[in-house]
1. Provide ILE9, ILE183 ordered by accessible surface of protein heavy atoms (probe 1.4 Å), highest first.
2. Once you've got the Cα coordinates, tell me which of LYS55/LYS181; LYS64/LYS126; LYS124/LYS185 are over 28 Å apart.
3. Of PHE10, VAL83, ILE34, whose Cα points farthest to the positive end of the dipole of the chain (charges on the beta-carbon: +1 Lys, Arg; -1 Asp, Glu; origin at the Cα centre)?
4. Figure the gain on full extension for ILE167 and PHE17 (residue separation times 0.36 nm, minus the Cα-Cα span) and round it to one decimal in nm.
5. I'd like the distance between the alpha-carbon centres of segment 69-104 and segment 147-181, rounded to an integer number of Å.
6. Among the complete DSSP H segments of the chain, which ones combine at least 24 Å of alpha-carbon extent along their axis with a mean Kyte-Doolittle hydropathy of 1.0 or more?
7. Can you figure out the FRET efficiency of GLU84 with VAL116, using R₀ = 35 Å and their beta-carbon distance, to the nearest 0.05?
8. Based on the alpha-carbon gyration tensor of segment 60-99, what equivalent-ellipsoid semi-axes (square roots of 5 times the eigenvalues) come out, in whole Å, largest first?
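The values are calculated or read from the model by the stated rules, or taken from the named source; none is laboratory data. This is a predicted model, so every value here is computed, not measured. Don't worry about glycine lacking a Cβ; one is built from the backbone with ideal geometry, like all the others, and counts go over all protein chains shown. Please note that ligands, DNA and RNA were not included when accessible areas were found on the heavy atoms of the full protein model with its side chains. Shrake-Rupley method; radii C 1.70, N 1.55, O 1.52, S 1.80 Å.
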Amino acid sequence: MNFPNKLTIFRMILIPFFVFFMLFDPENFTMRIIAEVIFCIASITDYFDGNIARKQNLVTNFGKFMDPLADKLLVCSALICLVELGQIDAWIVIVIISREFIISGFRLIASDNGVVIAASWWGKIKTTLQMTMVIVLILNLSYFYAGTTFGTVIYYVEIVLIYAALILTVVSLIDYLVKNKDILKGSV
């Protein structure tokens with residue numbers, strides 16, 4: 001097994017630890033910081049595994065399948081934890097996760113037709129914004145600094161990030177579907 005694939009597996013191994021520290025004692029700031037560090041480490045491995053695989057010609061079928069799956073598991077786990085903790089509405093998370101399932105299915109259909117759909121500019125911006133939103137929400141600074149100006153500012157930053165991520169999630173889905181509508185026509 002090559003190094004990029006080991007990074008992908010490492011990212012998947014980190015997910016249960018992240019969930020544990022998010023949910024074990026959510027009002028404990030130290031637990032939130034540990035969860036934040038784990039999430040950030042896992043996110044960074046996503047950047048490195050793909051870059052290393054491409055630069056060193058280590059791209060494998062395992063990596064093509066598991067890397068995006070590990071990414072989705074990490075983000076979906078974080079979002080579900082945030083719903084459990086009441087930090088984000090479930091309907092927003094359902095929209096975000098649904099988009100991931102739709103695009104994954106769409107890519108599978110495209111793959112069956114010999115077409116590879118690369119990540120679009122909208123998709124990359126969406127991912128960056130979602131990750132930023134999750135990183136900010138994990139720390140829950142609006143809760144820990146409630147009643148202060150800083151806590152209020154962070155609260156509004158969280159709201160803006162949540163709705164911006166939601167909007168970009170929908171925009172990136174529409175972009176994928178419009179740009180690749182011919183793939184669906186050919187598979188029906």
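1. Ranking ILE9, ILE183 by accessible area, largest first, yields ILE9, ILE183.
2. Correct reply: LYS55/LYS181.
3. PHE10
4. Gain on stretching ILE167 to PHE17: 51.0 nm.
5. With segment 69-104 and segment 147-181 each reduced to a Cα centre, they are spaced 13 Å.
6. Once both thresholds are applied, what remains is 3-23, 90-112, 121-139, 149-179.
7. With R0 = 35 Å, the Cβ-Cβ based efficiency is 0.45.
8. The answer is 25, 10, 4 Å, longest axis first.
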